[in-house]
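None of the figures in this text is laboratory data; all of them are computed from the coordinates on show. Since this is a predicted model, take the numbers as computed values, not measurements. Every residue, glycine among them, receives a Cβ derived from its backbone with ideal geometry; neighbour counts consider all protein chains shown.
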Amino acid sequence: MKERERIIVSGLVVLLLLFWLGFLVHRSPRFAGSLWGGVLGVSGALLMLVPLAYMIVKRVPLLRRTVTRRASMRTLLAWHIYTGVLGPILVLLHTGHKFQSPLGIALTAMTLIVVVSGFVGRYLMSQFSQTIREKKEMLTQLELAYRATATELAEHPDQAAMLRPWSGFFARLAAAPFAIPGVTSPGGIPAAVRAVRLSDSMADLEYAIKTHETFKRWFASWLKFHIVISFVLYGLLALHVWAGIYFGLRWFE
C-alpha cells in the first residue's frame, strides 16, 4: 500500500476497534431495528460485498478481462481495502452495541477478525516484499565490491596470505576487534580485511533475505486463512439477514 493509503486505512481500523469497545459506555437495544439502524446495516452489508466481488473478479479470468477494461486491478484493490473497513464500521454502528444473540456476537467477532487479519496480512506482506528488494539491491552492491576486492587480492598474493590464519569461524570472531588497528578511512583498509568484512556482510544479508522470504511464504498461507474466514463471515452475514427478514416481516402476516 502507498504511505497515504496505509495511514488512512490504519486510522479506519483503529476507529473500527474503538467503535467496538463503545459497548462499555453505550448500549441501545432498539437502534438496530430503527430506520437509521436499518439504513446503516444495509449500507454496511452492501459495502462488505464489494471485497467478495473483488475476490471473484481476481480469480475468474473472463470477469477479470471484462472488468479491467474499465478499472485496473490496483483500483479494484483500493476499493476492496476501503470498503472492507468502511462496511464493518457501518455494521458496528448498526448494532447499537447490543451484543446479546449468539449469532450477533459471532458475526461481530468474525467481522473484527477478518478486518484485522486482512489489514495485518496486507501491511506485512508489502513490508516483507519491500525489505527483500532493498536487501537484494544491497547484496548486489556488496558482490560487486567483493569481486573488485578479489581481483585486487589476486594481484597481491601477499595480502591474500593474510586471510589464511582467519579462515575459521572462531578465529574470525576473535580477530574482529583487532583486524585493522589504527585504520579510520575506508581507502586505507587492506584488501584482505575488506574481503573478510564484505564476505561477512554478504552472509548476513543472505541469511536475512532467506528469513524474510520464509516469513513471506508463511503470510501467503495467512492470506488463504483470511479468505476462508471471509467466507465464514459471509455465511454468518447471510444467516443474519435471513433472520432479520424472517423474524421481522412475519409480524405483517
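So here's what we get for this one:
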item	result
Per-pair calculated FRET efficiency, R0 = 45 Å: Glu155 and Val116 via Cβ, rounded to 0.05	0.15
Residues Met48, Met110, sorted so that the one with the fewest Cβ neighbours within 10 Å comes first	Met110, Met48
Potential lengthening between Arg74 and Leu62 on full extension [0.36 nm per residue; Cα-Cα distance subtracted]	2.6 nm
Qualifying trypsin sites (Lys or Arg not before Pro) in segment 61-124, DSSP loop, other Cβ atoms within 10 Å at most 12	Arg69, Arg70
At R0 = 51 Å, FRET efficiency that the Cβ-Cβ distance of Glu134 and Ala238 yields, to 0.05	0.70
Estimated distance in nm for a label pair at Ala220 and Tyr246, the labels positioned 7 Å out from Cα along Cα-to-Cβ	4.2
